[in-house]
Amino acid sequence: MPKSTPVQITEILDGGKTDQVVSIKGWIYRTRSSGNIVFTVIRDGTNIIQATVKRGNLKDDEFEDAKKALIESSVIVTGVVVEDKRAPGGYELRVESFHVIQFAEVFPITEDQSPEFLMDKRHLWIRSQKLNAVFKVRSTVVGAIHTFFRDNGYIEFDAPVLQPNQCEGGSTLFEVKYYDTKTFLSQSWQLYAEAAVFSLGKVYNMGPTFRAERSKTSRHLSEFWMAEMEAAWMELDELTQVAKDEIRFIIQQVLEKNPRELTVLGQDSEKLKKMANTPFPTITYDEAISLLNEKAGMNIQWGKDLRTLEENTLMQYFETPVVVTNYPLEIMAFYKPPDPLNPKTALCFDMIAPEGYGEIIGGSQRGLDIDYMKKRLQETGEKIENYQWYFDLRRYGSVPHSGYGVGVERVVAWICRLDTIKDAIAFPRTMNRYSP
Ligand code: 4AD
Ligand code: MG
């Protein structure tokens with residue numbers, strides 16, 4: 001084997017290895033041969049590069065191996081880096097050694113396969129350039145969330161995944177057998193975070209969240225990751241400002257770290273940049289209803305929740321995410337308190353993403369009135385005993401406090417311009433799929 005240093009493909013494409021002999025470790029992404037030449041494209045996780053294998057430039061048996069190796073075969077390829085404007089990425093590897101680690105069987109994924117087939121083969125399909133790019137953006141989004149909260153004085157705080165209570169309504173709880181009794185998978189970290197703020201002040205977390213959603217939409221998963229925050233002494237205005245700052249920071253980080261991935265995914269970086277530099281408006285639910293009824297010609301009754309159709313129609317009038325506050329109290333979760341200035345509405349908000357990506361954040365101030373919360377829980381048949389610990393938080397030094405949750409996959413789907421939220425997570429769980 002010629003002398004060489006192992007490198008990542010990105011290092012070559014960044015221009016730092018031109019005219020040097022290097023080795024790359026990867027997998028065959030594409031290959032075709034004609035006579036005494038094999039044109040392969042190798043991928044290594046960081047990027048792809050064209051590698052040209054010519055008989056005579058390497059040992060004959062290695063040339064034969066290169067010729068017969070099918071896509072997804074694992075290889076170590078050594079060669080000279082040559083600048084070539086016609087090659088994808090602008091560089092080519094002129095191969096001097098082609099070492100096959102494993103000859104792959106015929107790869108089951110070819111072009112134009114159905115989404116269901118690709119889901120069955122998800123463990124292989126995650127190697128695609130598209131999902132590779134999504135996972136990199138997702139990693140940036142997750143990193144940005146941690147950085148944002150840590151830099152702003154929030155403490156990471158973990159809650160149990162097995163919880164005896166609902167937070168967002170009993171109908172979407174996943175029940176789990178727990179020794180001789182039963183419990184539920186977490187629907188939200190919130191109720192425990194409300195306990196934590198009396199110890200730590202400002203807390204955040206990101207973790208798996210479970211909802212037995214009966215809806216088969218492009219926005220719903222049964223298992224998703226929610227990034228939540230909770231802060232003592234915080235009221236709705238400040239809360240919505242934190243949410244806007246967080247989303248803006250996430251976009252900025254993706255723009256900085258993932259320009260290539262945004263291109264692979266067909267996302268317009270200029271549009272995102274403009275969005276990150278434009279203030280996100282705040283409107284009330286009442287204003288949203290007026291817009292829908294007066295401008296968009298809909299006929300939405302006051303008191304109804306905004307469904308996908310209403311959210312999408314509303315967002316035709318905005319190019320950035322929008323915060324909508326003060327939804328009707330009655331359709332809100334038990335912990336959202338009435339707004340003293342408009343008691344038919346709650347001190348709550350949703351943030352809605354543009355271009356049909358829907359609600360990306362839900363949050364609120366938290367109720368402090370035990371009797372009101374009891375009444376709301378009883379109306380839905382909840383056992384009040386299970387919530388006594390939560391009411392204790394209002395008995396010992398109660399203060400105004402607030403929090404929200406960001407749907408990580410909703411944000412990733414939006415930033416990556418995905419057709420479905422299922423591609424924002426590696427192994428999606430939905431109403432009709434929990435494998436592989
Ligand atoms: O609006 P939600 O239900 O709010 C809560 O759970 C609060 N307890 C959060 C809090 O205040 N700490 O959910 C928050 C966000 C939604 O805005 C949405 O982005 C996402 O979580 N989400 C889902 N994402 C994917 N699939 C689902 N089934 C989702 N349900 C909610
Ligand atoms: Mg919500």
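The values are calculated or read from the model by the stated rules, or taken from the named source; none is laboratory data. Just so you know, these numbers come straight off a predicted model, no measurement behind them. Here the Cβ is made from the backbone with ideal geometry for all residues, glycine too, and neighbour counts use every protein chain on show. For the accessible areas, the whole protein counts, side chains as well, though only heavy atoms, and no ligand, DNA or RNA atoms are used. Shrake-Rupley method; radii C 1.70, N 1.55, O 1.52, S 1.80 Å.
Considering PHE224, PHE184, PHE210, which residue is more than 18 Å from the chain's Cα centre (by Cα) and aromatic (Phe, Trp, Tyr)? Steps first, answer last, please.
On the way: PHE224 fails: more than 18 Å from the chain's Cα centre (by Cα); PHE210 fails: more than 18 Å from the chain's Cα centre (by Cα).
Unique residue meeting the criteria: PHE184.
Identify all residues within segment 151-179 that are within 16 Å of ligand 2 (Cβ to nearest atom) and either of a type in the set (A, V, I, L, M, F, W, C) or exposed (fewer than 12 other Cβ atoms within 10 Å of the Cβ) (or both); write none if there are none. Within segment 151-179, CYS167, SER171, LEU173 meet the criteria. For first residues located in segment 159-185 and small (Gly, Ala, Ser), partners that are away from ligand 1 (no atom under 16 Å from the Cβ) and lie 6+ apart or on another chain with Cβ distances below 9 Å form the pairs GLY170/GLY381.
The set of residues in segment 273-305 that are in contact (Cβ under 8 Å) with a residue 40 or more places away in the chain and open to solvent by less than 60 Å² (accessible area, probe 1.4 Å) comprises MET275, THR278, PHE280, PRO281, ILE283, THR284, TYR285. Regarding ASN342, is this residue farther than 19 Å from ALA288 by Cβ, open to solvent by 20 Å² or more (accessible area, probe 1.4 Å) and over 32 Å from the mean Cα position of the chain (by Cα)? The answer is no for ASN342.
Could you list all residues from segment 61-82 that are of a type in the set (D, E, K, R) and closer than 16 Å to ILE24 by Cα? Those that are of a type in the set (D, E, K, R) and closer than 16 Å to ILE24 by Cα: GLU62, GLU72.
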